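Step one of this worksheet: look at the structure below.
Laboratory data are not the source of any read-out in this text; all were calculated from the coordinates shown. Note that the structure is predicted; figures quoted are calculated from it, not measured. Note that each Cβ is placed from the backbone with ideal geometry, even for glycine, and that neighbours are counted across all protein chains shown.
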Amino acid sequence: MSLHRFSVLFLVIFSSAVHAFQPKECLLANYESEIVHKGKFFGLIQNYLSVTKERCLVTFTHKTIMSVTWSIDVCREPVHIKIDKNGGLDVLKRSDDCSLLKSQNPFCDELRELVDVIQDDGLIFAEGERNNLALPHGRVYCAYQLLRKYLEKGYIFDPDAEVIEFEPKPTAQCSPDAAPAVSPAAPAAPAQAAPVAPKKTGESASY
């Protein structure tokens with residue numbers, strides 16, 4: 001009987017550990033995590049990154065020599081970032097598609113800096129599995145997915161929606177402006193000379 005209970009308990013713990021969180025579960029989650037690792041100057045300066053999430057509100061704080069805090073409410077419009085750099089608060093609104101290479105504006109520059117910080121000092125060094133919200137890596141990854149869709153795509157999340165997706169599902173339909181697919185043309189047959197009728201006796205050829 002004890003062995004049976006132990007087996008059931010092990011299965012419950014194992015199932016919860018390997019459970020991959022869903023987008024809505026990520027959006028509604030509340031948590032805090034910190035990632036600290038050695039930085040530049042022979043490790044004398046540590047890189048510190050924390051993520052705090054209260055449902056729609058996501059806050060990243062990054063400390064090296066300077067301190068920067070980004071606050072993003074992924075359920076609020078207009079799409080914007082609040083930045084606190086050493087006590088100075090600034091707000092940047094999304095006005096362009098930052099995925100375009102020619103897009104150069106303060107919002108896109110700040111977004112690229114935030115993404116680099118999350119990737120370099122968060123996703124690379126956070127411990128655990130990315131699909132487990134109980135571990136630092138899963139918590140950073142959850143916030144990272146929400147921020148990218150909100151800031152890059154301009155998508156406003158709705159916590160009351162029944163279905164929430166990180167990325168839009170691909171569709172098999174072509175857009176009306178898309179050019180139809182054309183199969184490669186078969187190689188043309190070599191041209192053949194037209195047959196020449198034999199001349200009759202006493203008939204001259206005309207040119």
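Details
- Relative pair counts by distance (%), Cα atoms of the range 18-153, 10 Å bins: 12, 43, 35, 11, 0
- For residue 45, distant residues with modelled amide H under 5 Å away: 39, 40
- Our summary gives the range 18-153 a relative contact order of 22 percent, counting only alpha carbon pairs under 8 angstrom and 6 or more residues apart.
- For the range 18-153, size of Cβ-based charge dipole, Lys and Arg +1, Asp and Glu -1, in debye: 120 debye
- Environment charge of residue 134, counting only residues whose C-beta is closer than 15 Å and scoring Lys/Arg +1, Asp/Glu -1: -2
- Label-to-label distance, nm, for residues given as residue 64 and residue 109 (7 Å Cα→Cβ offset): 1.7 nm
- In this simple spin-label model, placing a label point 7 Å from the Cα along the Cα-to-Cβ direction at both residue 97 and residue 158 gives a separation of 2.4 nm.
- Multiplying the residue separation of residue 167 and residue 57 by 0.36 nm and subtracting their alpha-carbon distance yields 37.7 nm.
- Nonlocal amide H pairs with residue 21, under 5 Å, H built at 1.01 Å: 133
- Under 5 Å, built H, 5+ apart or other chain: amide partners of residue 79: 94
- Computed FRET value (nearest 0.05) for residue 45 with residue 129, which takes r as the C-beta separation and R₀ as 25 Å: 0.30
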